[in-house]
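One structure below.
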DNA sequence: CCAGACGTTGTT
DNA sequence: GTCTGG
DNA sequence: CCAGACGTTGTT
DNA sequence: GTCTGG
C-alpha cells in the first residue's frame, strides 16, 4: 500500500540523483495525495525527465475519470494482466520520486491513527516503481497524464505495520525499467520485489 | 452477438 | 481497447 | 491514503 | 456505510 508521500528535494538533487537530462521546476509537497499532481520520471523523446502527472491512473479507454479513485496503486502480482494497467506496463513505466512515504498505525483507544514516515536511512530520495498513462476527456478534449504506484508484499521491516509496500527500485534497475524497449515480462516482473530491509527507516511523522 | 466492466486498500 | 458474462 | 461530511426550507 | 475533498 502507498497512499501518501512527501517530495521535498531541490531540482539540483533530483537531477543529480536520478541522472535527469534537465533540471525540473521546483516542486515541494510534504503531503502528496491521490488526485494531486506531482512529478514523475520517465523518458520523453529519449530523454529522462521529471514531468508532472496526476496521481491515479486513468486508462486511455476510460469514459470518465472516476476510476482514478481506485487506481493510485497497482498490484505487482497482477499488473501485467489487468486491463487498466497492462498497456502501461508494456510501454509506459516510470519512477515516482519521493523523499518518503507514509503509512498509518491504529493506536488502541485513540481516534486518529498514528502517521509514520518511511525514508532512506541515507536520506536520499526513493525511486518508486510506477506506470503512467495518457487520457483525453471526451467532453472537452482536455489531455491528462496520470500515474500509479506499484505495490508488493511487505518485507520484514514493513510487515509489523502493513502487509503491502511500494516497490522501490535500486539504481541498477532504473535504465531497464524506464526503457520502452525492455520487452521481457519476466525481467520486468523480477524488479517488482520487496526491497531489502535496510533500505528504509521509520520515524513518527 | 451486445452490454458492461475494467481497481486497491483496510476493516468488519 | 479488450475481455467476460449473458 | 485519511478525515470529514452526509440535508432542506424559508427568512434575514 | 459510503462518498468527497485534500
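Each value in this text was obtained by applying a stated rule to the coordinates, not by laboratory testing. Remember, it's a predicted structure, so these values are computed and weren't measured experimentally. Methodologically, a virtual Cβ is constructed for each residue, glycine included, from the backbone with ideal geometry; neighbour enumeration extends over all protein chains shown.
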Item checked: Selected residue (criterion: surrounded by the fewest Cβ atoms within 10 Å (Cβ to Cβ)) from residues of the stretch A:58-99 that are within 16 Å of DNA strand E (Cβ to nearest atom) and under 30 Å from residue A:122 (Cβ atoms) -> A:73
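Looking only at the stretch A:45-71, filter to residues that are within 16 Å of DNA strand C (Cβ to nearest atom) and not in a loop (DSSP other than H, G, I, E, B); which one of those is nearest to residue A:205 (Cα to Cα)?
Among those residues, the one meeting the criterion is A:70.
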Next item on the list: Examine the stretch A:78-92 for a residue that is more than 23 Å from residue A:179 (Cβ to Cβ), in contact with a strand residue (DSSP E or B) (Cβ under 6 Å, 6 or more places away or on another chain) and either part of a strand (DSSP E or B) or within 11 Å of DNA strand B (Cβ to nearest atom) (or both), and state whether such a residue exists.
Entry: no
Item checked: Total residues in the stretch A:102-120, condition more than 10 Å from DNA strand D (Cβ to nearest atom) and farther than 11 Å from residue A:161 by Cβ -> 6
Next item on the list: Could you run through the stretch A:147-173 and say how many residues are part of a loop (DSSP other than H, G, I, E, B) and touching a helix residue (DSSP H, G or I) at 6+ places or on another chain (Cβ under 7 Å)?
Entry: 4
